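Heads up: the structure comes next, in structure tokens.
The values are calculated or read from the model by the stated rules, or taken from the named source; none is laboratory data. Model, not experiment: these values are computed from the prediction. Neighbour counts are summed over all protein chains in view; Cβ atoms, including those assigned to glycine, are modelled from backbone coordinates with ideal geometry. For accessibility, only protein heavy atoms count, side chains too; no ligands or nucleic acids. Shrake-Rupley method; radii C 1.70, N 1.55, O 1.52, S 1.80 Å.
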Number of protein chains: 2
Amino acid sequence: MEEKILIFGHRNPDTDSICSSIVKEILNKKNGCKESKAVRLGAVNKETQFVLNYLGIEAPELIEKVEEGQKVILVDHNEFNQSVEGIEKAKILGVIDHHRIANIETAEPLYYTARPYGCTSTILYKDFVQKGIEIEKTEAILMASAIISDTLLLKSPTTTEHDKKALEELGKIANINIEEYGLQMLKAGTDLDDFSEEQLINLDAKSLEKDGTKFVIAQVNTVSIEDVLKRQEKLEEVITKTIEEKELSLFVFAITDILNSNSEIIALGSRTDAVEKAFEKTLENNRAFLSGVVSRKKQLLPVIDKNI
Amino acid sequence: MEEKILIFGHRNPDTDSICSSIVKEILNKKNGCKESKAVRLGAVNKETQFVLNYLGIEAPELIEKVEEGQKVILVDHNEFNQSVEGIEKAKILGVIDHHRIANIETAEPLYYTARPYGCTSTILYKDFVQKGIEIEKTEAILMASAIISDTLLLKSPTTTEHDKKALEELGKIANINIEEYGLQMLKAGTDLDDFSEEQLINLDAKSLEKDGTKFVIAQVNTVSIEDVLKRQEKLEEVITKTIEEKELSLFVFAITDILNSNSEIIALGSRTDAVEKAFEKTLENNRAFLSGVVSRKKQLLPVIDKNI
């Protein structure tokens, strides 16, 4: 284990975190770095499982923590509070990410490649191209899936020309109909029936902190906001419990309609004022409808963070 | 001013900080980003002045601070405490750096390219090549000078194969004798006679902080350690004054013999024990001779930081 270089995305991994980890392992191995090993920091969600099933490959091994001095490469995140337990004492060799930078500190110089693109896999795609390394069908589908997931089939406002170009090229390499495959994949990811309310609020939850104020923005994708709102009472119960346990000032639960590109949010905690200010809306029944809002990174986090 | 994208290296700029800023402006402009403008955060040192004189170009404009929302690109640093006043509220579009990451936080995703190479200009050189943008004589000499400076003509332990390759190619493009030009440049930089002791300790000083403990590691290059040590008494006076004024726990002043690759350090403050532990040496007359030590980043900072 100590000799391996562990590659992983953030906690509560989404499709980009899992697929980009596997792709980075493949890229490194093709590039001569045989010790690379993709791992994951949490359960595989249904959308990602659809991708793995489609390809007939196993999910990366689950890890709970890393030992001091463990060599690691972070993909799809950089903030320590979204990373593995023990990250502070790990040896971070590299980061490939498309988020803001915060809460990261290394002792040594490293490889750090961040780009303001819609998806980590778009950066990896360009890396293959620049290094002149062949992209085979497996990694093409993995990268395409990550881009489809992060950009909601190129409809999210986080989408850039780089993502569009990459997805187009990857579709050609994989020889699949991106639109058809993508809709199947996204739909597989929005099947929320099997999840308890506790699971729902943790499916894709980001823990954040500003000036000592701790808050969480969680998100679920659906094709029917109404279906999820039927469970509001129980959702509020588990959110309130989480707020108490984790001493949060705010918990925002965004229910995103991926077909129509809107979100309904449920916001609880002592600092819901930040949400009201952010969107110039009064919460009613702890809720607000945010027309056109689908991206946590671009449309939720910055404005809420600013008003905390 | 507001419309410009300001590009700058760290405070107390060295040759890499100045040259890489100018080169990044050139690269951006050749790449279609006309608003780019190199600036600097401090006086031009003698070594850098030699380069600018050689090329017959002006130093970038000096700036004291940036306004809120100012678009900036950081080269050769990322830590806010080494950057411009107001950096916390600037809009950081990009970072090109070869140091560890710490004390940086952005609100938005950005371009961040860090590589564990000996010099920022080596990363820029590769960027020219990858983008297929022509390197002309001016930028070739600027990048070569930065690499010569940061790697002490490829003799510093921070030197990588990437730096060697880049310097070789840049020498060919510029059509200069790297060894001859480099020695002249380094020698020009070690003429310390005109400097007051106060200036000497600030020529290339890095302010650092660990767990609330503030310390400074300053460095001067010379061809005669003995010449500098003749001024030890007065140097200690101004270092002691700086420690009091800035509430430092430690001030390390490294006098580096660039021809023989050794350093003599003067260490003062309440935490000189960190230096003694770091190098397993007892300070005598506040001094220690460190054989083979020339790199602050690789041989001084990590071991001192670890023992703070």
For this session: Consider only pairs whose beta carbons are under 7 Å apart and that are at least six residues apart or on different chains; among these, list those whose first residue lies in the stretch A:136-151 and is free of Cβ contacts under 8 Å to residues at least 24 places away in the same chain and whose second residue is assigned to a helix (DSSP H, G or I).
Result: none
Problem set entry | Residues within the stretch B:130-143 that are surrounded by 18 or more Cβ atoms within 10 Å (Cβ to Cβ) and not small (Gly, Ala, Ser), tallied | 5
For this session: Please find, among B:Asp127, B:Asp97, the residue that is more than 10 Å from chain A (Cβ to nearest Cβ) and either among the acidic types (Asp, Glu) or surrounded by 15 or more Cβ atoms within 10 Å (Cβ to Cβ) (or both).
Result: B:Asp127
Problem set entry | Pairs with Cβ under 6 Å, 6+ apart, first in the stretch B:106-117 and more than 7 Å from chain A (Cβ to nearest Cβ), second open to solvent by less than 20 Å² (accessible area, probe 1.4 Å) | B:Tyr117/B:His98; B:Tyr117/B:Asp163
Seminar exercise, completed: Of the residues in the stretch A:128-167 that are assigned to a helix (DSSP H, G or I) and among the basic types (Lys, Arg), the one that is farthest from the chain's Cα centre (by Cα) is A:Lys131
Exercise. Out of all the residues in the stretch A:289-302, is one or more among the aliphatic types (A, V, I, L, M) and within 14 Å of chain B (Cβ to nearest Cβ)?
Worked result: yes
For this session: Determine, yes or no, whether A:Ile141 is within 13 Å of chain B (Cβ to nearest Cβ) and either out of contact with any His (no Cβ under 6 Å at 6 or more places or on another chain) or of a type in the set (Lys, Arg) (or both).
Result: no
For this session: Could you list, in sequence order, all residues of the stretch B:8-27 that are more than 15 Å from the chain's Cα centre (by Cα), farther than 21 Å from B:Lys91 by Cβ and open to solvent by 10 Å² or more (accessible area, probe 1.4 Å)?
Result: B:Ile26
Exercise. Does B:Ala102 count as facing chain A (nearest Cβ under 8 Å), in a loop (DSSP other than H, G, I, E, B), surrounded by fewer than 19 Cβ atoms within 10 Å (Cβ to Cβ) and modelled with pLDDT of 95 or more?
Worked result: yes
Exercise. Could we say that A:Ile5 is under 22 Å from A:Leu167 (Cα atoms) and open to solvent by 10 Å² or more (accessible area, probe 1.4 Å) here?
Worked result: no
Seminar exercise, completed: The condition of being in a strand (DSSP E or B) and under 30 Å from B:Lys187 (Cα atoms) holds, among B:Ile7, B:Ile26, B:Ile73, B:Ile22, only for B:Ile7
Seminar exercise, completed: With criteria (1) in a helix (DSSP H, G or I); (2) without any contact (Cβ under 8 Å) to a residue 40 or more places away in the chain; (3) in contact with a His (Cβ under 9 Å, 6 or more places away or on another chain); (4) not charged (D, E, K, R), A:Thr122 comes up short on (2)
Exercise. Within the stretch B:194-308, which helices (runs of 4 or more DSSP H) (wholly inside it) include 3 or more residues that are in contact with a Cys (Cβ under 7 Å, 6 or more places away or on another chain)?
Worked result: none
Exercise. Tell me, which residue of the stretch B:260-292 that is closer than 16 Å to B:Lys306 by Cα and β-branched (Val, Ile, Thr) is surrounded by the most Cβ atoms within 10 Å (Cβ to Cβ)?
Worked result: B:Val275
Seminar exercise, completed: Residues of the stretch A:170-193 being modelled with pLDDT of 95 or more and not in a helix (DSSP H, G or I), in sequence order, are A:Asn175, A:Ile176, A:Asn177
For this session: Within the stretch A:144-157, track down each residue that is open to solvent by 10 Å² or more (accessible area, probe 1.4 Å) and either farther than 27 Å from A:Asn53 by Cα or away from every other protein chain (no Cβ under 14 Å) (or both).
Result: A:Ser149, A:Leu152, A:Leu153, A:Leu154, A:Lys155, A:Pro157
Seminar exercise, completed: Reported set for the stretch A:76-94 where residues are facing another protein chain (nearest Cβ under 10 Å) and either within 21 Å of A:Lys210 (Cα to Cα) or in a loop (DSSP other than H, G, I, E, B) (or both) is A:Asn78, A:Glu79
For this session: Out of A:Gln219, A:Gln184, report the one residue that is within 30 Å of A:Gln232 (Cβ to Cβ) and open to solvent by 70 Å² or more (accessible area, probe 1.4 Å).
Result: A:Gln184
